[in-house]
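Here's the structure we're looking at; comments come further down.
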Amino acid sequence: MNFDLIIKNARTRFSDKKTIDIGINSGKITKTGNIPETGNAEIIDAGGNLVTESFVNGHLHLCKVYTLTMAGEDALTSYQGGSMGKAMTAIELASKVKEQYDESWIIENVRKAVKLAVKNGVTHIRAFADTDTKAKLEGVKALIKAREEFKDSVELQVVAFPQDGVVRDPGAEDYIRQAMELGADVVGGIPWIEYTNEDERKHIDLMFELAKKYNRDVSMLIDDAGDPGLRTLEMLAVKTIEEGWAGRVMVHHARAMELYPEPYFRKIVALLKKGNIGVVSDPHTGPLHARVRDLYDEGVNIALGQDDIADAYYPFGRNNMLEVAFLAAHLLWMTTFKELDILYDLITTKAAKAMGIRNFKLEEGNPANLVVLNAETVRQALTDHNPPVYVIKDGKNVTL
């Protein structure tokens, strides 16, 4: 067989501590096992280190990265304070930065963040761009430009996101429509921020109309506050099922879920499974979080996301999903070896499944999206959360 790239002496999560070789041709994994060095294939020696699927970040507000100094810390204090009862206030405070939005400076911040993604082995990102009457299309244009610039090393799925609502921000719906015309990949939403239940439903309905018109997937920030009475997750799940959009919807945050009574939570789980809806949790960015372990145990498509990098909601972030999983291990009290393996799934294979990325596993015949880690085990990788030694995207060595 001919190979473009061969990874020698690789230890995988399922090779029973033995090392194997991984042969790659035309962007796909074509053979695993013992492979002699032949032809003109590029050779990478893993040296017994762990080789796994690359990392997937299902939630990043990419248009806002590195804007914390512009936004100030008032929003940060409101968002993370207490039981997140002032989360809506935080969003309102943070939106002031959008008065200065311009593609020319946004793209420079985006490039910096995406280069960090490549360095840290993140090959797929669902990237949000505020798209409303303040931000207009400046963030969307910057992210679409970055999507093209980095297409060989990172797949950016651009989400047109009406951060300030749709009903309460007249005109936002039209900007989302324009973003779809420009080529945005996903219709966003944040229905819980509307003032009434009727407006929440209208928000979801309007965004689904656009999703169906342009045949786009849907990503919505849901119930992101300390209020057990928030119910937009149920609304969205029911709408997903009714519209036949199963497998094409992602839910982000859903923090109110932590406060739901158990019988109601079980009902939500059933709806999520019926709608094949992915859930992305970012437990490091707020004191409440979705019930990650319970959702995983119930078979819901659950993942972890970075969410923010040095913006009004979170002062840190390196686009490093190993770091995100490391933080989650503490915040979710998932520290056994089995649970560390689960967390690793939530930034690789499970995250890909939640995003609708198919054939992502390290198996023959699948696309070669891989990392060669500077570690021999998952526990060591999470402990150190160092950048990979090599990053492979669609069979090409894109290591920085």
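FYI, it's all coordinate maths here, none of it is from the lab. Not measured: the values here are computed from a predicted model. FYI the Cβ positions are ideal-geometry reconstructions off the backbone, even for glycines, and counts take in every protein chain you see.
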Most packed first (mean Cβ within 10 Å per residue), the peptides 140-146, 392-398 order as 140-146, 392-398
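THR383 to GLU242: extension gain in nm, 0.36 nm per residue of separation minus the Cα-Cα distance?
On the way: separation 141, 0.36 × 141 = 50.76 nm, distance 4.36 nm.
In short, 46.4 nm is gained.
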The ³J(HN,Hα) series, computed from each phi in region 10-23 with the Karplus coefficients 6.51, -1.76 and 1.60 at θ = phi - 60°, rounded to the nearest Hz and given as x for glycine or proline, is 9, 9, 9, 5, 10, 9, 6, 6, 8, 9, 9, 10, 10, x
Note to self, the chain gives a 222 nm [θ] from helices alone (DSSP H runs n ≥ 4, -39500 (n - 2.57) apiece, / all residues, nearest 500) of -10500 deg cm²/dmol
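Relative to the present Cα-Cα distance, how much length would full extension add between ASP174 and ALA270 at 0.36 nm per residue of separation?
Numbers: separation 96, 0.36 × 96 = 34.56 nm, distance 3.37 nm.
Gain in length upon complete extension: 31.2 nm.
Please compute the length gained on full extension between ASN215 and GLU376, using 0.36 nm multiplied by the number of residues separating them and subtracting their Cα-Cα distance.
Values: separation 161, 0.36 × 161 = 57.96 nm, distance 4.25 nm.
Difference between extended and current length: 53.7 nm.
If you rank ILE302, ILE35 by fewest surrounding Cβ atoms within 10 Å, what's the result?
Values: ILE302 28, ILE35 18.
Arranged by neighbour count, lowest to highest, ILE302, ILE35 become ILE35, ILE302.
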Hydrodynamic radius by Kirkwood for region 55-354, inverse mean 1/r across distinct Cα pairs, in Å, is 18.7 Å
Taking a crude spin-label model, label points 7 Å out from Cα along the C-beta direction, the ASP102 to SER15 distance in nm is 5.1 nm
Which residues qualify? For ASN25, with a placed amide H closer than 5 Å and at least 5 residues away or on another chain, they are ASP4, THR30
Excluding residues fewer than 8 positions from LYS353 in its own chain, the lysines with Cα under 16 Å of it are LYS273, LYS274, LYS361
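Sort 39-48, 156-165, 283-292 by the packing proxy (mean of other Cβ within 10 Å over each peptide's residues), most packed first. Numbers along the way, then the final one.
On the way: 39-48: 14.3, 156-165: 26.5, 283-292: 21.9.
In descending order of packing, they fall as 156-165, 283-292, 39-48.
From the square roots a ≥ b ≥ c of the eigenvalues of the alpha-carbon gyration tensor of region 51-134, which class results: rounded (a/c under 1.5), prolate (a/b over b/c), or oblate?
The shape class here is oblate.
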Percent antiparallel among DSSP beta bridges confined to region 55-354, rounded to 5, stands at 5 percent
One point scatterer per Cα, no solvent, Debye formula: log10 I(q)/I(0) for region 322-392 at q = 0.19, 0.27 Å⁻¹ comes out as -0.82, -1.28
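What number, in percent, do you get for the relative contact order of the chain if the mean sequence gap of Cα pairs under 8 Å and at least 6 apart is divided by its residue count? The partial results should precede the final answer.
Numbers: 934 pairs, mean separation 82.3, N = 400.
Here the relative contact order equals 21 percent.
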